[in-house]
Structure formats: structure tokens, C-alpha cells
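Just so it is clear, none of the values below were taken in a lab; they were calculated from the coordinates. Just so we're clear, the structure is a prediction, and the values are computed from it rather than from any experiment. FYI the Cβ positions are ideal-geometry reconstructions off the backbone, even for glycines, and counts take in every protein chain you see.
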Amino acid sequence: MNQGLKWMVLLGFAGLMGWGMWGLPDRGDLDAPMNEKTTLTGTPAPAAHYIEKAYKEAKTPNIVTVVLGDYRSIDTLGEVVVVFTAGLILILLLTNRRKVSALDGGDS
């Protein structure tokens, strides 16, 4: 792949990211949709529930710990399993490469 094509792909991706960020609300905007008590459909927003009831339900002062450990524990466990599996695969691939390299005489 030549340098010009690499730069075009990089600039295209950067432009796509910039275009995607253009519609985001400003940081700290209290009128942003994520700060509403209800969603567009009229149902209660999960963020409002987490903030209001985190300490009462979990008795933990750190809201991040409550959300990751109590409310989203199964999702967090799934993410840990995926990262652990990827690490194991990487270790297996790297150790296999060393064995093949030793058998070939160490040329690679």
C-alpha cells in the first residue's frame, strides 16, 4: 500500500470521527438528553435511577462501583472473559511462533 493511499484512509477516518462528534452535546450541558429524568418515549432514564438510588440499594458511596459491580455485573463479567480469552490466545500464538522458529533454525 503506498503512502498516498494510507494518508487518504487516515484523513477519511479522521473526517468521519469529526463528523460524528459534531452532533454531540457540549460537555456539562444540563439540557443534554442524557441528563433528562425521562427518555423520549416517556420511560424513566436509567441514569437518573442509578444516581438517585445507588447508595440506598447498594450501601456503597462510590457510584461507579455500584453501577459496574451491582447493576451491570453480568456485563462486566462478560467483558473480563473476553479480555482474558484474547490474552490467552495472544500468549498461545506467540509461544507457537517461537516453537516454529526454533524448528526452522531461527531464521524468522
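Between the residues M34, L16, G4, the greatest Cα displacement towards the positive end of the dipole of the chain, with unit charges on the Cβ of Lys, Arg, Asp and Glu, is found for G4.
With the simple spin-label model, which puts each label point 7 Å out from Cα in the Cβ direction, the L5 to E79 separation comes to 3.6 nm. Helix 46-58 and the long axis of the chain differ in direction by around 90°, with both axes built from C-alpha atoms.
Angle of helix 3-22 to the longest C-alpha principal axis of the chain, folded into 0 to 90 degrees and rounded to 10: 10°.
A cut-off of 5 Å between modelled amide H atoms, ignoring neighbours fewer than 5 places along the same chain, links A45 with T38, T39.
Taking Lys and Arg as +1 and Asp and Glu as -1, the other residues whose beta-carbon sits under 13 Å from that of M34 total -2.
One decimal place: the segment K53-L40 gains 2.5 nm when fully extended, by the rule 0.36 nm per residue minus the C-alpha distance.
Whole-percent P(r), the chain, all Cα pairs, 10 Å bins from 0: 11, 17, 22, 24, 15, 8, 2. Its Cα centre serving as origin, the chain has a Cβ charge dipole (Lys and Arg +1, Asp and Glu -1) of approximately 320 debye.
Applying 1/(1 + (r/R0)^6) with r as the Cβ-Cβ distance of D31 and T60 and R0 = 30 angstrom yields a FRET efficiency of 0.50. In the Gaussian network model of the chain, springs joining C-alpha atoms below 10 Å, which of I74, I63, I89 carries the largest mean-square fluctuation? Largest GNM mean-square fluctuation: I89.
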